[in-house]
Structures are given as structure tokens and as C-alpha cells.
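Peer 1: Let me begin by handing over the structure; questions about it come next.
The values are calculated or read from the model by the stated rules, or taken from the named source; none is laboratory data. Everything numeric in this text was worked out from a predicted model, so none of it was measured. When we count neighbours, we look across all protein chains shown, and the Cβ atoms used for this are built from the backbone with ideal geometry, even at glycine.
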Amino acid sequence: MAVPQRRISKTRKRLRRTHFKLAVEGLVTCPNCGELIKAHHVCPKCGYYAGKVSYLNGKVVTKTEVKKEENAGKKSSRKAKKEAK
């Protein structure tokens, strides 16, 4: 069995271990809500990524679902205009 030849000093031990540290994750603020999030990840608070809704109410949102919601809002406003006339 291997036996150390000499006692390792505190300084020598600490110098060796300086590289055994945890790296800090890249944190950025969400441009939509201001929450701290990991870079290149969807915001868990508001569900935005790259300025678009991608996660809403615990479900992944696709482009078609977002467009349907936008179109539904436009149709209701057109109906309101017709009724106002």
C-alpha cells in the first residue's frame, strides 16, 4: 500500500485544491418580468423566452396556439365594431 513520503503542508494542499470549486451559472434577468434566470432558458415565472410566450400555465405553447389566441382577440374586436355601427 502506498504511504506518503512527507506531510503535505496546508498551503500546498490549498494550492492544489484551488481548482476544485464550483462554477457560477450564467444568470441573467428576464427582460419581461425581471426575474433572475439561467441564460438561454425559459423563464419559470412568466414563461417567456426570446421575447415570445413559450410556456404558459404549465403547458408548452406552440406558434399555432399563440396565433389562434391573437386571431380570437381580433375577431371579437371586429364583431364589436360591427355591433357599434
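Peer 1: Within segment 38-66, how many residues turn out to be in a loop (DSSP other than H, G, I, E, B) and either exposed (fewer than 12 other Cβ atoms within 10 Å of the Cβ) or modelled with pLDDT of 80 or more (or both)?
Peer 2: 14
Peer 1: Output the residue which, of all residues in segment 4-26 that are part of a loop (DSSP other than H, G, I, E, B) and of a type in the set (Val, Ile, Thr), is modelled with the lowest pLDDT.
Peer 2: So the residue we want is Val24.
Peer 1: Take Val28 and decide whether it is of a type in the set (Val, Ile, Thr), surrounded by 11 or more Cβ atoms within 10 Å (Cβ to Cβ) and either over 24 Å from Lys68 (Cβ atoms) or free of Cβ contacts under 8 Å to residues at least 40 places away in the same chain (or both).
Peer 2: Taking the combined requirement at face value, the residue satisfies it.
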